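This report concerns only the one structure given below.
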Amino acid sequence: MDILYASPRLEFSLWDQQDPQLAHTLWGNPQVTQFITADGIMTPEQIDERLKKEIQQYQRCGLQYHPVFLREGGAFIGVCGLRPYGIGADIFELGVHLLPDYWHAGYAQEAARRTIDRAFSLLGCQAVFAGHNPKNTASRALLLRLGFVYDHDEFYSPTGLYHPSYFLWRSAYQGK
């Protein structure tokens, strides 16, 4: 596994065609997908397609939701990364999906903060966008802790819901 970047407790890698088991472990877990899809479930075919999409997106634009591992012990804990948002080339969308065993330990905040730092310092991003399922109060709290500001509700077709949506602008980011 090649490490793309790291934080104090985490290492970020790249998806590879050899990683279907990791993708199935994450997106096959209904606790993870409960807020990602309308019925809370991703089929094996949908997971394979998601993995393929992440790999192709990285090849096309250098962005993906990166697999994240613990630096100590190497356990796979989920994904965190960026993808293009809308038509602006300088706004990226942040996403974090962690396995339940790693919730409530500060990993989501650490992963998101490191990814945001990278977006602003290395990738030249002007703003980071993020949205969350309206039922996911933990994601809302995370975004507010990171300094995101609510902007609007945006329709998210995989859930069929309008998701509260936020921006974090480079000019306002303090690297908290």
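Points to keep in mind about this one:
- Residues (open to solvent by 60 Å² or more (accessible area, probe 1.4 Å), under 17 Å from the mean Cα position of the chain (by Cα) and farther than 16 Å from Leu98 by Cβ) located in the range 137-153: Leu144
- A residue that is at pLDDT 95 or above, open to solvent by 10 Å² or more (accessible area, probe 1.4 Å), farther than 17 Å from Pro158 by Cβ and assigned to a strand (DSSP E or B) occurs nowhere in the range 23-45.
- Taking the range 159-173 as the range and being over 20 Å from Gly124 (Cβ atoms) and more than 18 Å from the chain's Cα centre (by Cα) as the test, the residues that pass are Gly160, Leu161, Tyr162.
- Pick from the range 154-176, criterion open to solvent by 20 Å² or more (accessible area, probe 1.4 Å) and polar (S, T, N, Q), ranking: nearest to Ser7 (Cα to Cα): Gln174
- Asp16 meets each of the listed conditions (1) more than 20 Å from Tyr107 (Cβ to Cβ); (2) assigned to a loop (DSSP other than H, G, I, E, B); (3) in contact (Cβ under 8 Å) with a residue 24 or more places away in the chain; (4) open to solvent by less than 60 Å² (accessible area, probe 1.4 Å) apart from (4).
- Of note, Ile77 does not satisfy the criterion of being within 28 Å of Gly160 (Cβ to Cβ) and either aliphatic (A, V, I, L, M) or open to solvent by 50 Å² or more (accessible area, probe 1.4 Å) (or both).
- Residue within the range 119-136 that is within 14 Å of the chain's Cα centre (by Cα) and within 22 Å of Leu22 (Cβ to Cβ) present: no
- Subset of the range 21-51 that is aliphatic (A, V, I, L, M) and touching a Ser or Thr at 6+ places or on another chain (Cβ under 8 Å) - its residue that is farthest from Tyr65 (Cα to Cα): Ala38
- Of all the residues in the range 105-134, those that are part of a loop (DSSP other than H, G, I, E, B), modelled with pLDDT of 95 or more and open to solvent by 30 Å² or more (accessible area, probe 1.4 Å) number 3.
- When we screen Leu94, Leu51, Leu82, Leu63 for residues that are crowded, with 17+ Cβ neighbours inside 10 Å, among the aliphatic types (A, V, I, L, M), under 17 Å from the mean Cα position of the chain (by Cα) and part of a loop (DSSP other than H, G, I, E, B), the only hit is Leu63.
The values are calculated or read from the model by the stated rules, or taken from the named source; none is laboratory data. None of these values were measured; they are calculated from a predicted model. Counting neighbours? That spans all protein chains shown, and the Cβs are built from the backbone with ideal geometry, glycine included. Note: areas computed on protein heavy atoms with side chains; ligands, DNA, RNA excluded. Shrake-Rupley method; radii C 1.70, N 1.55, O 1.52, S 1.80 Å.
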